[in-house]
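The structure under discussion appears below in the form of structure tokens.
The values are calculated or read from the model by the stated rules, or taken from the named source; none is laboratory data. If you're wondering where the values come from, they're calculated on a predicted model, not measured in any experiment. Using ideal geometry, Cβ is built from the backbone for each residue, glycine included, and neighbour counts are taken over all protein chains shown. Accessible surface areas use protein heavy atoms only, side chains included; no ligands, DNA or RNA. Shrake-Rupley method; radii C 1.70, N 1.55, O 1.52, S 1.80 Å.
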Amino acid sequence: MNYLIYLAHGPAAIKHEALYSLLTYFEVAPAPPATVLVYTDTPDVFRQVLGERADVLYPAVTAEQWRDWRGAADMVYLLKIGVLQYAAAHYPGNLLFTDTDTLWQHDPTPIFDQIATGVRFMHLNEGVMRTGNTLSRKVYRRLQGREFAVGTGRVRIGPETPLYNSGIIGFQSQDAALLGDITPLADQLYATYNKHMMEQLATGLRLGLDSPLREAAPYVLHYWNLKAIRPALTRVFGQYVSQGLPTLRRHLNALDIAGQHTAELAYRELPGWRRTLLKLLGRQWRITDETE
């Protein structure tokens, strides 16, 4: 069995991201290859848009389970690990977790076919940390040469250590025991240098320790850098959800999230002096919402 997994807990904007992602999934995969598992505290929000579908399930999660998954440190990043462990225990098969801020561009059937052979996936190889973006290089300088415990072994941060984006995580449920190593590794990394990227670094280090990782990026866009688009998404859902899926999709597509994702990344990579100059001139990058 194939399972596509979403974690949509908390703010309404997270649910709207997940819904848009699901709408793109059903568009590119008219014969859906997977049962969708939506871990949410408000399943009715999804049913309002998707209707009742036999291939979309909303596993019941108690308030106590949500709290337990955040761990003693009450960290949001632990929710993902908790959901994956829970899904692996209750839905054995090929698991593909996706963050809510994603848009499917191609049918993911080939991903599930490869997972079935033992291949593991993450969203994107962002390159080796030593020569990556500003944050990657900063983290590398703090971690280079250090060794960290992973299960019964150890992993060393070296000049060729890659950083994988964890917006997508794909593996067989029989590999779920690996998840138990990710949280302790992430805790060690956070304790060494408290940066948000440590969760995805820990995930990539553990899943790639004994198996090459492949990228899901050709199939799905992960617009992690566009948190500012959330108010526009919420407005579109609020205004058009009652007017039917074609109208809703048309207004969602008009947000041009893919184009804005690319433009913001280009702005982000400009030299600091140039971004400062553009801000002084009032020409810094901003979210555009042409659907208003």
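Estimate the FRET efficiency between R283 and N225 by the formula 1/(1 + (r/R0)^6), using the beta-carbon distance for r and 25 Å for R0, to the nearest 0.05. Numbers along the way, then the final one.
On the way: r = 19 Å, r/R0 = 0.75.
Computed FRET efficiency for R283 and N225 comes out at 0.85.
Could you calculate the contour length gain from A12 to R141, that is, 0.36 nm times the residue separation minus the distance between their Cα atoms, to one decimal place in nm? Before the final figure, lay out each step's value.
Working: separation 129, 0.36 × 129 = 46.44 nm, distance 3.78 nm.
Going from the current span to full extension adds 42.7 nm.
Between A116 and A149, what is the label-to-label distance in nm when each label sits 7 Å out along the Cα-to-Cβ direction?
4.0 nm
For the chain, what's the relative contact order in percent, using C-alpha pairs closer than 8 Å and at least 6 residues apart? Mind showing how you got there, number by number?
Numbers: 436 pairs, mean separation 56.7, N = 292.
Worked out over the chain, it gives 19 percent.
Between S242 and V76, what is the spin-label point distance in nm, taking each point 7 Å from the Cα along the Cα→C-beta axis?
3.1 nm
For the chain, set up a GNM with springs between Cα atoms under 10 Å and report which of D181, D210, D99 has the largest fluctuation.
D210
Can you figure out the FRET efficiency of Q105 with A191, using R₀ = 45 Å and their beta-carbon distance, to the nearest 0.05? All intermediate terms of the calculation are to be shown ahead of the outcome.
Working: r = 38 Å, r/R0 = 0.83.
Using R0 = 45 Å, I get an efficiency of 0.75.
Return one whole number: the accessible area per residue of the chain in Å², for a 1.4 Å probe. It would help to have the intermediate numbers written out before the result.
Details: 13500 Å² over 292 residues.
Per residue, the chain has an accessible area of 46 Å².
For every other residue with a beta carbon closer than 15 angstrom to the beta carbon of D107, add +1 if it is Lys or Arg and -1 if Asp or Glu, then tell me the sum. Write out the running numbers ahead of the final one.
Details: positive: none; negative: E27, D55, D113.
Here the count lands on -3.
Calculate the spin-label point distance for T234 paired with R130, positioning each point 7 Å from the Cα along the beta-carbon direction, and give it in nanometres.
Going by the 7 Å Cα→Cβ label model, 4.4 nm.
Before rounding to the nearest 500, sum -39500 (n - 2.57) across all DSSP H runs of length at least 4 in the chain and divide by the residue total; then give [θ] at 222 nm in deg cm²/dmol.
On the way: 12 runs with 129 residues, N = 292.
It comes out at -13500 deg cm²/dmol, rounded to the nearest 500.
Give me the percent of accessible area attributable to carbon and sulfur for the stretch 100-153, probe 1.4 angstrom.
On the way: 1130 of 2530 Å².
Whole-percent figure for carbon plus sulfur exposure: 45.
Taking a ≥ b ≥ c as the square roots of the Cα gyration tensor eigenvalues, with a/c under 1.5 meaning rounded and otherwise prolate when a/b beats b/c, else oblate, which class fits the chain? Don't skip to the end; give the middle numbers.
Values: a/c = 1.71, a/b = 1.11, b/c = 1.55.
Oblate.
In whole angstrom, note down how far apart the Cα centers of the stretch 139-167 and the stretch 234-254 are.
If we compute the Cα centre of each part, the gap is 43 Å.
Could you check how much of the accessible area of the stretch 160-230 is carbon and sulfur, as a whole percent, using a 1.4 Å probe? Walk me through the numbers before you get to the answer.
On the way: 1320 of 2630 Å².
Within the stretch 160-230, the accessible surface is 50 percent carbon and sulfur.
Quick one: dipole size for the stretch 193-292, taken about the Cα centre, charges +1 on Lys/Arg Cβ and -1 on Asp/Glu Cβ, in debye to the nearest 20.
Values: 14 positive and 9 negative charges, 63 e Å.
Dipole about the Cα centre, nearest 20: 300 debye.
What is the local net charge at V128, summed over the other residues whose Cβ is closer than 12 Å to its Cβ (Lys, Arg +1; Asp, Glu -1)? Kindly include the intermediate steps, with their values, before the conclusion.
Values: positive: R130, R137; negative: E126, E160.
Neighbourhood net charge equals 0.
In terms of modelled amide H atoms, which long-range or inter-chain residues lie less than 5 Å from the amide H of G127?
Answer set, sorted by chain and number: L163.
Per 0.36 nm of contour for each residue apart, how much would the distance between H90 and E52 grow if the chain were fully extended, relative to their Cα-Cα spacing? Provide the component values of the computation, followed by the final result.
Values: separation 38, 0.36 × 38 = 13.68 nm, distance 2.14 nm.
Residue separation times 0.36 nm, minus the Cα-Cα distance, leaves 11.5 nm.
Taking a spot 7 Å from the Cα of F26 along the direction of its beta carbon, which residues of the stretch 240-272 have an amide N less than 19 Å from it?
240-254
Could you calculate the contour length gain from T62 to N253, that is, 0.36 nm times the residue separation minus the distance between their Cα atoms, to one decimal place in nm?
Values: separation 191, 0.36 × 191 = 68.76 nm, distance 3.45 nm.
Length gained, T62 through N253: 65.3 nm.
Beta carbons within 10 angstrom, averaged per residue: use that to sort the peptides 272-285, 223-236, highest first. Walk me through the numbers on the way to the answer.
Working: 272-285: 11.0, 223-236: 18.1.
My ranking of the peptides, most packed first, is 223-236, 272-285.
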